[in-house]
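Here is the structure we will look at, set down as structure tokens.
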Amino acid sequence: MINQFLESVVVIDTETTAADPQQAEIVELATAVNVHNSWSVNSVLFGCVAGMPPEASEVTGISNRMIAGLPRIDQCMDAVINMLGNQAEYFVAHNAQYDRTVLARAFENSSVPELAQLFADPSRWICTLRLSRHMYGSAVSSHRQNYLRYALDLDVDDSLGVHRAGADVRVCAALLQTLVQELIQTGRI
């Protein structure tokens with residue numbers, strides 16, 4: 001049952017140029033899909049119009065040199081659609097509202113604006129941040145993804161970095177798996 005569910009989701013993370021999703025440009029997109037109980041991760045960098053502000057580089061570790069000359073996300077929609085998959089029943093993210101908003105905006109400004117509706121639909125998204133808040137409440141000091149990584153001793157490689165989209169989808173996938181297993185064990189689903 002859990003494997004069937006995990007194979008129906010795409011875990012998503014974006015790295016952007018700003019904390020405000022209405023102003024942010026996506027400079028990195030990563031996805032994780034579960035195939036036969038193993039997570040497969042795909043990540044790609046994109047260029048942006050105004051460049052990476054130092055505040056964004058500080059958080060993401062993505063510099064202007066890393067994205068110089070790369071096409072913007074709106075110029076790569078075929079690859080983005082391929083990464084996001086057309087078989088997914090649900091998209092999963094930690095703070096899904098942010099990723100949902102920036103992805104919908106990227107599609108609105110692309111050659112396939114009709115897909116913005118799909119990514120803007122909150123019923124298609126599972127938010128591990130909200131789920132962890134619901135499950136753990138004040139039993140944990142924080143619900144930030146990397147705090148939960150260590151507090152719950154998630155099954156991810158210790159050498160895996162933080163705040164790059166590829167690393168974050170691996171952590172989010174492990175968090176989702178842990179949360180779902182706990183929900184099943186406690187009889188909540």
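The values are calculated or read from the model by the stated rules, or taken from the named source; none is laboratory data. These numbers come from a predicted model, not from an experiment. Here the Cβ positions follow ideal geometry from the backbone for every residue, glycine too, while neighbour counts run over all protein chains shown. Calculation scope for accessible area: heavy atoms of the full protein, side chains included, ligands and nucleic acids excluded. Shrake-Rupley method; radii C 1.70, N 1.55, O 1.52, S 1.80 Å.
Only residues of segment 43-57 count here: report those whose backbone N is under 16 Å from the spot 7 Å along Cα→Cβ of ALA68, or say none.
46-54
Would you be so kind as to identify all helices of the chain, as entire DSSP H runs, whose Cα atoms reach 15 Å or more along the helix's own axis and whose mean Kyte-Doolittle hydropathy is at least -1.0?
Helix filter hits for the chain: 96-108, 165-185.
I'd like the accessible area for MET83: 1.4 Å probe, protein heavy atoms, all chains in place, Å² to the nearest 10.
We get 20 Å² for MET83.
Hey, what number do you get for the chain at 222 nm if only DSSP H runs of n ≥ 4 count, each worth -39500 (n - 2.57), divided across all residues, to the nearest 500? If you can, show how the numbers build up before the last one.
Working: 9 runs with 79 residues, N = 189.
One gets -11500 deg cm²/dmol as the mean residue ellipticity at 222 nm.
How do the peptides 152-159, 88-95, 166-173, 58-65 rank, highest first, by the average count of neighbouring beta carbon atoms within 10 Å per residue?
166-173, 88-95, 58-65, 152-159
log₁₀ I(q)/I(0) of segment 71-154 at q = 0.15 Å⁻¹, via Debye over equal Cα point scatterers, no solvent, to two decimals?
Reported log10 I(q)/I(0), two decimals: -0.63.
In segment 75-181, carbon and sulfur make up what percent of the accessible area (probe 1.4 Å)? It would help to have the intermediate numbers written out before the result.
Numbers: 2430 of 5480 Å².
The nonpolar share, carbon plus sulfur, comes to 44 percent.
Roughly how big is the chain's charge dipole about its Cα centre, with Cβ charges of +1 (Lys, Arg) and -1 (Asp, Glu), in debye to the nearest 20? Please list the in-between numbers first.
Numbers: 12 positive and 21 negative charges, 60 e Å.
Value, rounded to 20: 280 debye.
Tell me which of VAL35, GLY137, PHE46 sits at the most positive position along the dipole axis of segment 1-151, charges placed on C-beta atoms (Lys, Arg +1; Asp, Glu -1).
So the residue we want is GLY137.
What is the log10 of I(q)/I(0) for segment 136-189, computed with the Debye formula using one identical point scatterer on each Cα and no solvent, at q = 0.23, 0.28, 0.31 Å⁻¹?
-0.91, -1.16, -1.27
Stretched out fully, how many nm does the piece from SER141 to GLU7 gain, at 0.36 nm a residue minus the Cα gap?
The span from SER141 to GLU7 would gain 45.2 nm if fully extended.
Please quote Rg/Rh for segment 14-104 to two decimal places, taking the Kirkwood radius as Rh and restricting both calculations to Cα atoms.
Computed over Cα atoms, the ratio is 0.97.
What fraction, in whole percent, of alpha-carbon pairs in segment 1-52 exceed 18 Å separation?
44 percent
Where does segment 1-152 land on Rg(C-alpha)/(2.2 N^0.38 Å)?
It is 1.06.
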